[in-house]
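Undergrad: Have a look at this one before I ask anything.
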Amino acid sequence: MAFELASLVPKLSSLGTSDHASVVSINLFVALLCACIVIGHLLEENRWINESITALIIGLGTGVVILLISGGKSSHLLVFSEDLFFIYLLPPIIFNAGFQVKKKQFFVNFITIMMFGAIGTLVSCAIISLGAIQFFKKLDIGFLDIGDYLAIGAIFAATDSVCTLQVLHQDETPLLYSLVFGEGVVNDATSVVLFNAIQNFDLSSVNLSIALRFLGNFFYLFLASTLLGAATGLLSAYIIKKLYFGRHSTDREVALMMLMAYLSYMLAELFYLSGILTVFFCGIVMSHYTWHNVTESSRVTTRHAFATLSFLAETFLFLYVGMDALDIEKWKFVSDSPGLSVAVSSILMGLILLGRAAFVFPLSFLSNLMKKSSEEKITIRQQVIIWWAGLMRGAVSMALAYNKFTLAGHTQLQDNAIMITSTITIVLFSTMVFGLMTKPLISLLLPPQRQLSTVSSDANTPKSLTALLLGSQEGSEVDLNGQDLPHPPSLRMLLTAPSHKVHLYWRKFDDSFMRPVFGGRGFAPPAPGSPTEPGP
C-alpha cells in the first residue's frame, strides 16, 4: 500500500506541472472578466462605450501584452473552439433572450420579426454570396467553390445587435426594441440553420431538384426546432406543476429549469436541428408557464441566474475575440499580401451594407401596408436604426468562419487565412466603429421628446385593442375601466389586424386548455409555500 502511494505521488506531481499553464491561463482570464465587469460599471453612466466594446478593448490590450511577453509567438490565453462556443457559451445567451423577452410585443410583431429575421437573412445571404462571387474571382484569392461562397453569405448575414440594444430602452421605444431584439435572435438562428444546410448539401452541381430539397430541408429544420423547444418547455412546466418540488426544496426547481433548458439545446444538436431556435422558444414557453409554477424565491433566483450566465458568456466571447484578433498564426499567412486582405474586408463590408439595406426598407414598407394604426407603423427614422443595428458582426460570424475555414483552430491555406482575418477585421471594425456611433445616431434620430411622446400617445388610448395587447398585464382577460372592449366583426378584424385577432384566439385557447394542464399565472397548485397559497 505504501509503495502504491509512493508511486502515485510522482504521477500527481507531473500531472500538476503539465496542467499548471492551463491553471495560469484560467486565472488570468477570470481576472480579465472581473476587470471587464468593473470597468463596464464605471462606464455605465455615459453609455457611449458599452460592455461589448469594453471587453473588445481589454482583449486587444491583453493580446498585445501576451505578444510582447511571448516574443510575438502567441496572443492567446485559451484556444478557441467552435464546440466551446456552440455547446457552452451560446445556449445561455439565447435562452435568456427568450426567457426575458416581452412576449406580447414579440408575438404582436411576430410577422414583421420573421420577415426581417428569416426572409431578410436569406436576401442578405444571397446578395453577399453573389457579390463575393463577382469580386473574389477578379481578386484571385484562391480556390473557392459555390458552397464556399454560399457559406460566406451565411457567415456575414449573421448580425449582432448587442450594442444597439444596450442603448435602446424597452419601455420608451417598445416597437423598435421588439423588432431589433426579435430580428437579432431569429437572424442568428436562420444564419446557423442556413449554414448547416449548405454544409450538408453537395452544391457543386445545382439544379431545380437540389434547390427544392435545400429549401425543404431549411424549412423543416426551422419548424422542427421551434416545436422541439416548445415541447421541452411544456414538459418542464408539466413536471414542476404536477410534482411541485418547491414544497420541499426550491433548489430542485431551479436546477430542473436550468437542466431542462440545456437539454432542449442538446436534443436539437442530437437530432441535427437548430439549437438556437429550440432553446429560444424553450425560454419563451418556460417564462409563460414553468416560471409561474415555482415559488417566489425560485422565480427571483432563476431570472437573475439566467441573466448572469448570459452576461458572463457575452463578455467572455467579446474578450476572446479581442485577443484572437492578434493571433500571429493567422496573420502570417496573409503577411505577403496585406493589400489583398484589406480589399476582401472592404468588399465584404460594402456587401453587408448593401445586403442589409436591400431588405430592411422594402420589408418595412410591406409591414406598414399590413398595419392600420400609425403607432404601429415603422417610421423612416426607425428603419434607419433597424438597418444600422444589423451592420455589426459578432461571435456567431466568428464561430461559423472558424467552422468553415479552419482546422482545429488553425488555418492551413492562404485563402482560408484571408477569410478568417477578414472576418476578424469586420467584427472589430463594425463593433468598434458602428458601436461607438450608435448612441449619437439614436439620439439624433429619436430624441428623448419623441420617445416620450410615443409612450404618452400609447397611454392616452387605453380603450384601443392595441393597448390591450401591448399592455404589461399578464391576465388573460383584461377589462379597462370595468368595461369590455367592443370587438369588431371577426372577418373584418382578421383582415385589418391579423396578428391581433390570432393573439385574441390564442389567449382564449391558452386559458381554456393550456394553462389548466401546464400551469402558468393563476393556475399554480395551492401547496404550502406556493405562489398561489391563500392568505390567512
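Undergrad: Check 308, 315 and return the single one that is touching a residue at least 60 places away in the same chain (Cβ under 8 Å) and polar (S, T, N, Q). Step through it out loud before you land on a result.
TA: Values: 308 fails: touching a residue at least 60 places away in the same chain (Cβ under 8 Å).
Result of the check over 308, 315: 315.
Undergrad: Look at the range 236-248 and say how many of its residues are in a helix (DSSP H, G or I) and open to solvent by less than 90 Å² (accessible area, probe 1.4 Å). Let's see the steps before the verdict.
TA: Of the range 236-248, the ones in a helix (DSSP H, G or I) are 236-243, 245-247.
With the extra rule that they be open to solvent by less than 90 Å² (accessible area, probe 1.4 Å), the set shrinks to 236-237, 239-241, 245-246.
So the answer is 7.
Undergrad: Which one is nearest to residue 63 (Cα to Cα), of the residues in the range 299-346 that are modelled with pLDDT of 80 or more, among the polar types (S, T, N, Q) and open to solvent by less than 50 Å² (accessible area, probe 1.4 Å)?
TA: If we take residues in the range 299-346 being modelled with pLDDT of 80 or more, among the polar types (S, T, N, Q) and open to solvent by less than 50 Å² (accessible area, probe 1.4 Å), then 315 is nearest to residue 63 (Cα to Cα).
Undergrad: With the condition kept exactly as written, say whether any residue in the range 229-240 is out of contact with any strand residue (DSSP E or B) (no Cβ under 8 Å at 6 or more places or on another chain), closer than 23 Å to residue 114 by Cβ and not small (Gly, Ala, Ser). Walk me through how you get there before you give the answer.
TA: Step one: list which residues in the range 229-240 are out of contact with any strand residue (DSSP E or B) (no Cβ under 8 Å at 6 or more places or on another chain), which gives 229-240.
Filter once more, so that each one left must be closer than 23 Å to residue 114 by Cβ: 229-234.
Among the residues that remain, those that are also not small (Gly, Ala, Ser) are: 232, 234.
Yes: the range 229-240 contains one or more residues that are out of contact with any strand residue (DSSP E or B) (no Cβ under 8 Å at 6 or more places or on another chain), closer than 23 Å to residue 114 by Cβ and not small (Gly, Ala, Ser).
Undergrad: Being part of a helix (DSSP H, G or I), of a type in the set (Phe, Trp, Tyr), farther than 19 Å from residue 360 by Cβ and modelled with pLDDT of 80 or more narrows it down to one residue among 434, 429; which is it? Explain how you work it out, then say what you get.
TA: Working: 434 fails: farther than 19 Å from residue 360 by Cβ.
Criteria check complete, one pass: 429.
Undergrad: With the condition kept exactly as written, say whether any residue in the range 255-266 is under 21 Å from residue 398 (Cα atoms), open to solvent by 10 Å² or more (accessible area, probe 1.4 Å) and under 15 Å from the mean Cα position of the chain (by Cα).
TA: No: the range 255-266 contains no residue that is under 21 Å from residue 398 (Cα atoms), open to solvent by 10 Å² or more (accessible area, probe 1.4 Å) and under 15 Å from the mean Cα position of the chain (by Cα).
Undergrad: So, residue 296, is that one touching a helix residue (DSSP H, G or I) at 6+ places or on another chain (Cβ under 8 Å), surrounded by fewer than 19 Cβ atoms within 10 Å (Cβ to Cβ) and in contact (Cβ under 8 Å) with a residue 12 or more places away in the chain or not?
TA: No, not satisfied.
Undergrad: Okay, next question. For residue 377, which of the numbered conditions (1) under 19 Å from residue 165 (Cα atoms); (2) surrounded by fewer than 18 Cβ atoms within 10 Å (Cβ to Cβ) fails to hold?
TA: Tallying (1) under 19 Å from residue 165 (Cα atoms); (2) surrounded by fewer than 18 Cβ atoms within 10 Å (Cβ to Cβ), residue 377 fails exactly one: (1).
Undergrad: Follow-up. Looking only at residues that are hydroxyl-bearing (Ser, Thr, Tyr), open to solvent by 20 Å² or more (accessible area, probe 1.4 Å) and at pLDDT 80 or above in the range 48-90, which one is farthest from residue 442 (Cα to Cα)?
TA: Looking only at the range 48-90, we keep the residues that are hydroxyl-bearing (Ser, Thr, Tyr), and these are 52, 54, 62, 70, 74-75, 81, 88.
Imposing the further condition that a residue be open to solvent by 20 Å² or more (accessible area, probe 1.4 Å) reduces the set to 62, 70, 74, 81, 88.
Next cut, at pLDDT 80 or above only: 62, 88.
Details: 62: 31, 88: 33 Å.
Among residues in the range 48-90 that are hydroxyl-bearing (Ser, Thr, Tyr), open to solvent by 20 Å² or more (accessible area, probe 1.4 Å) and at pLDDT 80 or above, the one farthest from residue 442 (Cα to Cα) is 88.
The values are calculated or read from the model by the stated rules, or taken from the named source; none is laboratory data. All values derive from a computational prediction rather than experimental measurement. We place every Cβ from the backbone using ideal geometry, glycine too, and count neighbours over all the protein chains shown. Remember, those area values only see protein heavy atoms, side chains included, never the ligands or the DNA or RNA. Shrake-Rupley method; radii C 1.70, N 1.55, O 1.52, S 1.80 Å.
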